[in-house]
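Participant: Below is a structure I'd like to ask you about.
The values are calculated or read from the model by the stated rules, or taken from the named source; none is laboratory data. Owing to the predicted nature of the structure, the values given are computational and were not obtained by experimental measurement. All Cβ positions, glycine included, derive from the backbone under ideal geometry; neighbour counts span all protein chains shown.
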Amino acid sequence: MSLPALTSRQAEAAQPRGLRAARLRGRRVPRGLPFILPYLPFLIAFGVAPMLYALDLAFTNASGGWTGLHNFVRTFEDYRFVPAFEHILLYTGVWLGSLMVFVVGLALLLHGRASRTSSTFRFLFYLPGALAGAASVLVWLFMLDPAVSPGSFLLHHVFGAQLFVQSIAPGHLPFVFAMIAFWTGAGGWIVVMYGALNTIPDELEDAARIDGAGPVTIALRVKLPLIRKWIAYMIILSFATGTQLFIEPQLVNEASLGLVPDTWSSNQLAYQLAFRYGDFNAAAAIAVDLLLIGLLAAVLIVTRTGLFRRED
């Protein structure tokens with residue numbers, strides 16, 4: 001007597017659990033395609049294609065001949081190259097440090113005091129991000145001028161700046177630009193971190209309280225480890241944005257009538273090489289340098305934090 005044929009549902013139930021899970025994951029992958037397909041043409045047109053064009057320029061000369069690493073060596077030997085990258089390194093370090101401390105700290109504080117008040121503060125934190133980058137720089141140019149700034153008392157007595165040129169002295173610029181970037185971008189990241197904190201089950205916090213943990217312990221031992229991937233995501237995007245600094249020093253250069261060099265950042269140096277000296281190959285080499293730095297930083301952060309690791 002033959003056994004009745006198994007239905008498809010019974011056959012799946014009879015399979016090992018790991019095999020069923022793998023097949024289910026495989027079925028879910030195509031479902032995401034409709035979400036990314038509209039973005040792919042823009043990614044290719046404005047991301048991949050310019051990157052390939054920059055790579056071609058970086059390894060060739062004006063005539064299109066292959067030059068190898070000559071453009072990279074030539075730009076590295078430029079006396080403006082190392083200072084520009086040092087400025088960017090210091091600025092990015094200050095900015096990322098302030099993001100990790102204040103953004104995560106404020107998000108944890110707001111989440112720990114979830115109420116209508118915290119909603120109001122989230123809205124207020126987000127408001128500066130509504131300003132475009134150029135507009136925010138113009139606002140800060142007024143804020144840094146002791147003659148018209150509403151914070152002139154602080155500029156006079158805390159920072160010792162009596163004139164606008166003293167506020168934007170070369171030694172202050174990495175911190176000034178980091179302050180501007182934090183003011184415009186931190187609010188959006190606070191909202192993102194707050195949303196990540198809302199995904200933490202309430203049962204975990206209740207269990208921690210039953211074990212005698214206080215608000216600080218819960219924030220540092222329970223919440224913070226669970227949002228580490230979001231923090232890594234913030235660092236990667238912020239680092240990539242920080243290395244592309246251009247509009248802030250460019251506008252300050254114009255406002256200060258050349259007091260700030262027009263090659264203060266690496267992007268400014270590439271811009272000057274391309275559009276003042278017509279050396280597009282050297283400018284492309286600097287762009288590739290920035291691309292490699294961003295990729296190496298992203299790979300390091302992803303491998304150290306397990307950003308794309310699946311949690312069972």
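Participant: Looking at this structure, is Arg228 of a type in the set (D, E, K, R), loosely packed, with under 13 Cβ neighbours inside 10 Å and under 29 Å from the mean Cα position of the chain (by Cα)?
Facilitator: no
Participant: Output the qualifying pairs, or none if there are none: Cβ atoms under 7 angstrom, residues six or more apart or on different chains, first residue in the range 140-165 and of a type in the set (S, T, N, Q), second residue assigned to a loop (DSSP other than H, G, I, E, B) and surrounded by 18 or more Cβ atoms within 10 Å (Cβ to Cβ).
Facilitator: Ser152/Pro146; Gln162/Pro146
Participant: Continuing with this model, one more query. Any chance you could count how many residues in the range 258-272 are assigned to a helix (DSSP H, G or I) and either buried (at least 23 other Cβ atoms within 10 Å of the Cβ) or in contact with a Pro (Cβ under 8 Å, 6 or more places away or on another chain) (or both)?
Facilitator: Within the range 258-272, residues that are assigned to a helix (DSSP H, G or I) and either buried (at least 23 other Cβ atoms within 10 Å of the Cβ) or in contact with a Pro (Cβ under 8 Å, 6 or more places away or on another chain) (or both) number 4.
Participant: Here are some residues: Gly212, Gly278. Which one is on the phi > 0 side of the Ramachandran plot, modelled with pLDDT of 90 or more and surrounded by fewer than 22 Cβ atoms within 10 Å (Cβ to Cβ)?
Facilitator: Gly278
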